[in-house]
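So the structure is just underneath, and the comments pick up after that.
The values are calculated or read from the model by the stated rules, or taken from the named source; none is laboratory data. In this text the structure is predicted, and so the values were computed from the model without any measurement. Cβ coordinates were reconstructed from backbone atoms using ideal geometry, including for glycine residues, and neighbour counts include every protein chain displayed. Calculation scope for accessible area: heavy atoms of the full protein, side chains included, ligands and nucleic acids excluded. Shrake-Rupley method; radii C 1.70, N 1.55, O 1.52, S 1.80 Å.
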Amino acid sequence: MEKLRNLIGKEVEEAFEKNGYERKYGKVTLSNRPDLCEYQCNGAMAAAREYKCAPFMISDKIAESLRENPMFESAESVKPGFLNLKLDTEYLAGYLRGMAADTERLGCETCRDPKTIMIDYGGPNVAKPLHVGHLRSAIIGESIKRIGRFMGHTMIGDVHLGDWGLQMGLIITELKERKPELVYFKEDYTGEYPKEAPFTISELEEIYPTASAKSKEDEAFKEAAMQATYELQHGRQGYEALLSHILNVSVSDLKRNYENLNVSFELWKGESDAQPYIPDMVQKMKDDGYAYISEGALVVDVKEDSDTKEIPPCMILKSDGASLYNTTDLATIVWRMQDYHPDEIIYVVDKRQELYFTQVFRCAKKTGLVEPETGLKFLGFGTMNGKDGKPFKTREGGVMRLEYLVNEINEEMYKKISDNHTVQEEEGRRTARIVALSAIKYGDLSNQAAKDYIFDVERFTSFEGNTGPYILYTIVRIKSILKKYQAEKTLPESAQILAAHSDSEKALMLEISKFNSMMESAFMDTAPHKVCAYIYDLANAFNHFYHETKILAEPDETVQAGYICLLWLTKRALEICIDVLGFEAPDKM
Ligand code: ARG
């Protein structure tokens, strides 16, 4: 369906034209004074300059023309030259009927030229448990992927595991000290390696921090770990076998954790998957004259004339020939282009890595790893802080494991739910998990991604205010009214959304009608917070309508059936939105 604002715009443009002015002045926007009108046009102000007359002379004429137009309930010209518009209630109802007829998409058209977009998010490091620092990338990335998919694009999520750095060498070295007898360490071993990993996930999670701490104190241990990393990266078989054990054990644990967050990835590739592409890529950068040796390291210049701050060269290989974080990211671009040929790659990563990605993107463009028109977009997010305004920590001051955080919120939610009414333990726990996830995700997504925000458990889990649970509560309320209605009656075939009977009903209808333009702009701006803002306004408008209207006690059957259709549409819009945000609503709470 055409966006409502455009439909209105067309009428206003025509009125300008009919009165002898250029169409371009008829641009319409949502009103910034909702107490006075619903839509507005300020074009007469600009037109007055061209036509050399007082603005209100123009706005008067336009208002006059629009008054005859059935689209508007009122069109007012206000000095010095504004046009204040209110939509006709029947026209608005017709628009909503059009939305409701398209039960899947509510009239939101998919994009005309669908793209293949890869989205790099999650970014956990294997052998280390997920901690709160990984939460934002997972939540924001998942939502952007879903919004893109709703708009008709092919979205491919890649977790991009950190599985290739010194941490691997540290684990191998520590394991060697503990169990030197394992075949992985025998240099002349040529047989098969065991299928079973020589450690469990909890052992692995203990091995890594121990090794990491050791390397800071024990120089020899660190040397050994660096040597092991080098050997792993140069194809030592036993170490490769260990790496794949580490990966398997880690990845199944990560999958379980992401599943609990309703986050999933199409691809489980990691930095290590980029390794085979490095030699050719580097060779080509040298052959083409882009890469040169500077202070022993191989670099590519990426500064541009228009830079206002210094952008250092992108380092491709260290002086000892070892690859870096940059190298893997560039080589990852190589296989992504080769295998998927994306139109765009979006990186959802901590905003502190912005300069780094500027270097990587410029280097990829300059050296031709991507095409000139391939989009490379960095979506940097801010820090999740505690109530003290500092990065979120456990009570003891350590880094909070994601799993513990989620459990804590689940527990909190369960307490609230079981305090409210009696529930069966099992059902209550299930509901608590659903609501808790909405609290976490909405709490994050309702902020602009780039901003830091305060993770406030009390506020996020509240059933009132701008929170996930409030949105779910609204959906549950609608579900319960619909259920009660259905228990008594069947909705007549002829039932349909009717012209609003009250201001609160019209206000609700106006909120609903913004669905398609909101979704489009949330995608264009990679901005899930716009979806949150929409559902918050929508939930408020619904609850206001609900408090002012007797829905189940409405005596006129036709009017009542109209309300039911409107409720259904409200619920559907809310449900599509929370689905793209990555959570769902329970039936009761
Ligand atoms: N593993 C990295 C980290 O913990 C994040 C990866 C982000 N993605 C990328 N393509 N570099 O910082």
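Among the residues of this structure, L472 counts as one that is in contact with a Pro (Cβ under 8 Å, 6 or more places away or on another chain), outside any loop (DSSP other than H, G, I, E, B) and modelled with pLDDT of 95 or more.
This table checks each residue for (1) of a type in the set (S, T, Y); (2) over 27 Å from the mean Cα position of the chain (by Cα).
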position	(1), (2)
K484	no, yes
E493	no, yes
D503	no, yes
A507	no, yes
S517	yes, no
H529	no, no
L538	no, no
K550	no, yes
E554	no, yes
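Would you pick out the residues in the stretch 489-521 that are part of a helix (DSSP H, G or I) and free of Cβ contacts under 8 Å to residues at least 12 places away in the same chain? Residues satisfying the conditions are D503, S521.
The set of residues in the stretch 331-358 that are part of a helix (DSSP H, G or I), open to solvent by 20 Å² or more (accessible area, probe 1.4 Å) and either basic (K, R) or within 14 Å of the ligand (Cβ to nearest atom) (or both) comprises V334, K351, R352, Q353, E354, L355, Y356, T358. Here K387 fulfils each of the conditions (1) surrounded by fewer than 17 Cβ atoms within 10 Å (Cβ to Cβ); (2) at pLDDT below 95; (3) under 19 Å from the mean Cα position of the chain (by Cα) apart from (3). If you filter the stretch 101-141 down to residues that are in contact with a Phe, Trp or Tyr (Cβ under 7 Å, 6 or more places away or on another chain) and part of a helix (DSSP H, G or I), you find that the one that is nearest to the ligand (Cβ to nearest atom) is S137. Just one residue in the set D35, D60 is out of contact with any strand residue (DSSP E or B) (no Cβ under 7 Å at 6 or more places or on another chain), acidic (D, E) and open to solvent by 60 Å² or more (accessible area, probe 1.4 Å); that residue is D35.
As a summary of the residue check, S504 satisfies the conditions (1) surrounded by fewer than 17 Cβ atoms within 10 Å (Cβ to Cβ); (2) under 15 Å from H547 (Cβ atoms); (3) among the polar types (S, T, N, Q) except for the one numbered (1).
Only one of the numbered conditions (1) away from the ligand (no atom under 16 Å from the Cβ); (2) of a type in the set (V, I, T); (3) in contact with a helix residue (DSSP H, G or I) (Cβ under 7 Å, 6 or more places away or on another chain) is not met by V263, and that is (1). Residues in the stretch 359-372 that are touching a residue at least 24 places away in the same chain (Cβ under 8 Å), within 22 Å of K145 (Cβ to Cβ) and within 13 Å of the ligand (Cβ to nearest atom): V360, A364.
Contact map, the stretch 468-479: first residue open to solvent by 10 Å² or more (accessible area, probe 1.4 Å), second residue among the small types (G, A, S) and in a helix (DSSP H, G or I), Cβ cut-off under 9 Å, separation 6 or more or different chains; pairs are Y470/A539; Y473/A539.
If you filter the stretch 143-160 down to residues that are assigned to a strand (DSSP E or B) and away from the ligand (no atom under 16 Å from the Cβ), you find that the one that is nearest to R112 (Cα to Cα) is T154. Picking from residues in the stretch 258-283 that are within 18 Å of the chain's Cα centre (by Cα) and of a type in the set (S, T, N, Q), the one that is most open to solvent (accessible area, probe 1.4 Å) is N260. On the given criteria, is K451 touching a strand residue (DSSP E or B) at 6+ places or on another chain (Cβ under 9 Å), outside any helix (DSSP H, G or I) and either under 25 Å from I140 (Cβ atoms) or modelled with pLDDT of 95 or more (or both)? For K451, the condition - touching a strand residue (DSSP E or B) at 6+ places or on another chain (Cβ under 9 Å), outside any helix (DSSP H, G or I) and either under 25 Å from I140 (Cβ atoms) or modelled with pLDDT of 95 or more (or both) - is met. Within the option set V435, V457, V406, V399, being in contact (Cβ under 8 Å) with a residue 24 or more places away in the chain and closer than 14 Å to K588 by Cβ holds for one residue only, V435. Looking only at residues of the stretch 310-328 that are free of Cβ contacts under 8 Å to residues at least 40 places away in the same chain and within 14 Å of the ligand (Cβ to nearest atom), we find that the one that is farthest from G169 (Cα to Cα) is N326. Residues in the stretch 522-550 that are in a helix (DSSP H, G or I), touching a Lys or Arg at 6+ places or on another chain (Cβ under 8 Å) and under 20 Å from G380 (Cβ atoms): A522 alone.
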